[in-house]
1. So is Pro202 assigned to a loop (DSSP other than H, G, I, E, B) and closer than 28 Å to Leu168 by Cβ or not?
2. Would you point out the residue of region 33-68, among those that are more than 20 Å from Val291 (Cβ to Cβ) and in contact with a Ser or Thr (Cβ under 9 Å, 6 or more places away or on another chain), that is most open to solvent (accessible area, probe 1.4 Å)?
3. Quick one: Ala197 ticks every box in (1) aliphatic (A, V, I, L, M); (2) without any contact (Cβ under 8 Å) to a residue 40 or more places away in the chain; (3) assigned by TED's automatic domain parsing to the domain that holds Val106; (4) within 26 Å of Lys54 (Cβ to Cβ) bar one, so which box is it?
4. Between a first residue in region 290-310 that is over 15 Å from Leu40 (Cβ atoms) and in the same structural domain as Phe46 (by TED's automatic domain parsing) and a second residue that is open to solvent by 80 Å² or more (accessible area, probe 1.4 Å) and among the hydrophobic types (A, V, I, L, M, F, W, C), which pairs have beta carbons less than 6 Å apart while being 6 or more apart in sequence or on different chains?
5. Here is a check on your reading of the model: is Ala179 in the same structural domain as Cys49 (by TED's automatic domain parsing), open to solvent by 10 Å² or more (accessible area, probe 1.4 Å), aliphatic (A, V, I, L, M) and in contact (Cβ under 8 Å) with a residue 40 or more places away in the chain?
6. Going through Leu45, Leu37, Leu80 one at a time, which residue ends up being assigned by TED's automatic domain parsing to the domain that holds Gly244, in contact (Cβ under 8 Å) with a residue 24 or more places away in the chain and outside any helix (DSSP H, G or I)?
7. Out of the residues in region 278-322 that are open to solvent by 20 Å² or more (accessible area, probe 1.4 Å) and outside any loop (DSSP other than H, G, I, E, B), state the one that is nearest to Ile181 (Cα to Cα).
8. Please tell me if Pro24 is open to solvent by 20 Å² or more (accessible area, probe 1.4 Å), under 29 Å from Val301 (Cβ atoms) and under 23 Å from the mean Cα position of the chain (by Cα).
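The values are calculated or read from the model by the stated rules, or taken from the named source; none is laboratory data. No experiment lies behind these values; they were computed from the predicted model shown. Glycine also receives a Cβ, built like all others from the backbone with ideal geometry; neighbour counts cover every protein chain displayed. Heads up: the accessible areas ignore ligands, DNA and RNA and are worked out on the full protein's heavy atoms, side chains in. Shrake-Rupley method; radii C 1.70, N 1.55, O 1.52, S 1.80 Å.
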Amino acid sequence: MEQTRKRYAADLKSIMEARKRIAPYAHATPVITSSTLDALAGRKLFFKCELLQKGGAFKFRGACNAILSLSEDEAKRGVLTHSSGNHAAAVALAARIRGIKAHIVVPRNVPACKLENVKRYGGQITLCEPSLEARQKEAARIQQSTGAVLVHSSNDPDIISGQGTVALEFLEQVPLLDAIIVPISGGGLISGIALAAKAIKPEIIIIAAEPSGADDAAQSKAAGRIVTLKQPKTIADGLRASLGNFTWPVIRDLVSAVVTVDDDEILEAMKLCHEVLKMTVEPSGAIGLAVILSDKFKNEVRTNLENIGIVLSGGNAGLKLC
């Protein structure tokens, strides 16, 4: 464990500590199955319902852990983040639980339902142009004037540890999992899941699900270094972020494959979630199902994986996809 701690930003110990820290506030989300989807995939599928987490997404786990980990002096200054939606709402909610201010920088093109979540939880919203540069610039301005602590959406040890609690629950609920398919964007969720799952069950396979229009993780794995995209284009608005220095080493070393699917496949998976699982899953959350049903998975990934876990990472999709 000491070797893992030195090599990566989090480890099983920090993830277990995060679980204890957030337990009074975060839901232990259920796992559901479907014989219909099993037949389509030709395997046994287990869906981890993070869309039923507080705030409608797994993001609350990491934000809650990060904000509850702040010292009293840090907390007094409030917190700050920039996000396209789910992390913004999670930070606002976690800040409200701790009783501190949350400054939230949000791009103007954020889905309306996600913006409403931030408002609902009391975040102080600043809108900006829809580019990473604009978000970072506005966040820096607010941080300079307020002294608020920046809570990054993915590239942060406390965020990674919080997201890793998904795997602790999942493997308790379904110990026989051969693999877990996880959406990938900035990499906080899949890093935490990989670190926890591999520590508990070293033979388990971790597979990243990524939109073909935002395939920086796939390109990074192929190049052996972080590759960033200037203008990712996908309906999965939560999967447009880039990998960071804390998340990349975990993905490089512990993620077996990155499988990309196009937006039409994601939309079809959303439809199946709605019609078969009776779940409203946002594009970013449905991508794991899209991957397991894709020809790429059948052609590029080991076929002897029988019991597959799929993380339905969020459900913040309003009418007409918000």
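1. Against the criterion (assigned to a loop (DSSP other than H, G, I, E, B) and closer than 28 Å to Leu168 by Cβ), Pro202 qualifies.
2. Per the stated criteria, the residue is Leu52.
3. (3)
4. Asn307/Leu176
5. Values: in the same structural domain as Cys49 (by TED's automatic domain parsing): yes; open to solvent by 10 Å² or more (accessible area, probe 1.4 Å): no; aliphatic (A, V, I, L, M): yes; in contact (Cβ under 8 Å) with a residue 40 or more places away in the chain: yes.
For Ala179, the condition - in the same structural domain as Cys49 (by TED's automatic domain parsing), open to solvent by 10 Å² or more (accessible area, probe 1.4 Å), aliphatic (A, V, I, L, M) and in contact (Cβ under 8 Å) with a residue 40 or more places away in the chain - is not met.
6. After applying the criteria, what remains is Leu45.
7. Across region 278-322, the extreme among qualifying residues is Asn307.
8. Judged against the criteria, Pro24 is not a match.
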